[in-house]
Amino acid sequence: MESLRHLIERFDHVAYAVEMIEDALPTLDLMGASFYDGADHVRNEFRWAQFKLPDGSKLEYLAPLTETSFLRRYLDTRGPGMHHITLKVTNLKAAAAICETQGFTVTGYSESEMWSELFIHPKSANGALIQLARWDYSHTLATTIESVLAGSVIDDT
């Protein structure tokens, strides 16, 4: 069976769906996490913030910005908790082809110059939503968690 082994660059993060990112800050403080990046993804109606743990691994928190956000529907149905894991890949098209050839359900495929992603549906991945993503930038969008929580940082990828 062909695998994604040669396409996976690294594990990137675990993402959690929450009502408000502010609610997660005490837990992140307890774990010794430091703010890494975040912004409002206006097109998809959610706010995201990433935090690094002392070992360098990342946690991401997602919160809905509107009542029509996919994340609002997710929280209304499932409540807060783990949303997805993200693996960085070197070639998204090749990853999609391998997943589909192996019978995995691929959804949410999108490509842009800055950010490209797809999701492996939880029903074909042991109950977990898996995001495969490719990006070609190394800068961060935000400098402080306060600027993200104030809604002053926009992610237009």
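Can you say whether residue 19 is over 24 Å from residue 115 (Cα atoms) and under 16 Å from the mean Cα position of the chain (by Cα), as far as the supplied structure shows? Answer is yes for this residue. For the condition of a type in the set (Asp, Glu) and exposed (fewer than 12 other Cβ atoms within 10 Å of the Cβ), residue 136 qualifies.
If the condition is being modelled with pLDDT of 95 or more, part of a loop (DSSP other than H, G, I, E, B), touching a helix residue (DSSP H, G or I) at 6+ places or on another chain (Cβ under 9 Å) and of a type outside the set (Gly, Ala, Ser), then region 7-46 contributes 7, 18, 19, 20, 45. Take residue 59 and tell me if it is under 17 Å from the mean Cα position of the chain (by Cα), over 30 Å from residue 101 (Cβ atoms), assigned to a strand (DSSP E or B) and not charged (D, E, K, R). Yes; evaluated as a whole, the condition is true for this residue. Can you find a residue in region 94-113 that is acidic (Asp, Glu), farther than 29 Å from residue 1 by Cα and crowded, with 17+ Cβ neighbours inside 10 Å? No, the conditions are met nowhere in region 94-113.
Here residue 133 qualifies as of a type in the set (A, V, I, L, M) and in a strand (DSSP E or B). Among the conditions (1) outside any helix (DSSP H, G or I); (2) over 20 Å from residue 157 (Cα atoms); (3) small (Gly, Ala, Ser), the only one that residue 49 does not satisfy is (2).
Report those strands (runs of 3 or more DSSP E) wholly inside region 74-122 carrying at least 3 residues which are under 30 Å from residue 22 (Cα atoms) and touching a residue at least 24 places away in the same chain (Cβ under 8 Å).
On the way: elements: 81-89, 106-110, 115-120.
Of the strands (runs of 3 or more DSSP E) lying wholly inside region 74-122, those with at least 3 residues that are under 30 Å from residue 22 (Cα atoms) and touching a residue at least 24 places away in the same chain (Cβ under 8 Å) span 81-89, 115-120.
The values are calculated or read from the model by the stated rules, or taken from the named source; none is laboratory data. Everything numeric in this text was worked out from a predicted model, so none of it was measured. Virtual Cβ from ideal backbone geometry, glycine too; neighbours counted across all protein chains shown.
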